[in-house]
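The values are calculated or read from the model by the stated rules, or taken from the named source; none is laboratory data. What you see is a predicted model, and the numbers here were worked out from it, not measured in a lab. Positions of Cβ are generated from backbone atoms using ideal geometry, with glycine treated the same way; all protein chains shown enter the neighbour counts. Side chains included, ligands, DNA and RNA excluded: accessible areas come from the protein's heavy atoms. Shrake-Rupley method; radii C 1.70, N 1.55, O 1.52, S 1.80 Å.
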Amino acid sequence: AVLPRQMPQPLRFESNIDYVRDILRSQHAFNAMGEEFVPSDRIPLDFRFHDYQRQVNSDGIPSESVVRSVIERQGRDYRQELRGEHPVEQFRQKVLTAA
């Protein structure tokens, strides 16, 4: 009485690396403009998005600071490139270079 007559098929856990890479490649430059997500270059310079970014990133972008500190300690970026180079060129493996 507690179990159904037929049990559902078990869930299959599979890799989603290719899906995530495709989303990163195709949507990394999208940002919110009101209720829409649009490419950053379509957001007018006087839209509130830019004011917000200036305020929250006035001391630097926190995620970039974390990556930079890891590169300084380890000599390379910590992010893995499981299926070749990152699909977005600006996020590809960075190695510490002499300043």
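The table below gives the values:
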item: Search result, residues across region 54-96 that are modelled with pLDDT of 80 or more, closer than 25 Å to Ser26 by Cβ and among the acidic types (Asp, Glu); result: Glu64, Glu85, Glu89
item: Residues (over 24 Å from Pro87 (Cβ atoms) and either in contact (Cβ under 8 Å) with a residue 24 or more places away in the chain or of a type in the set (A, V, I, L, M, F, W, C) (or both)) located in region 13-48; result: Leu45, Phe47
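To keep it simple, each residue is scored yes or no on (1) open to solvent by 60 Å² or more (accessible area, probe 1.4 Å); (2) in contact with a helix residue (DSSP H, G or I) (Cβ under 6 Å, 6 or more places away or on another chain); (3) among the acidic types (Asp, Glu); (4) part of a loop (DSSP other than H, G, I, E, B).
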site	(1), (2), (3), (4)
Pro4	yes, no, no, yes
Pro8	yes, no, no, yes
Glu14	yes, no, yes, yes
Leu45	yes, no, no, yes
Gln53	yes, no, no, no
Ser58	yes, no, no, yes
Val66	yes, no, no, no
Glu85	yes, no, yes, yes
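For every residue, the table says whether it meets (1) among the hydroxyl-bearing types (Ser, Thr, Tyr); (2) open to solvent by 80 Å² or more (accessible area, probe 1.4 Å); (3) at pLDDT 90 or above.
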{"residue": "Val20", "(1), (2), (3)": "no, no, yes"}
{"residue": "Gln27", "(1), (2), (3)": "no, yes, yes"}
{"residue": "Phe30", "(1), (2), (3)": "no, yes, yes"}
{"residue": "Ala98", "(1), (2), (3)": "no, yes, no"}
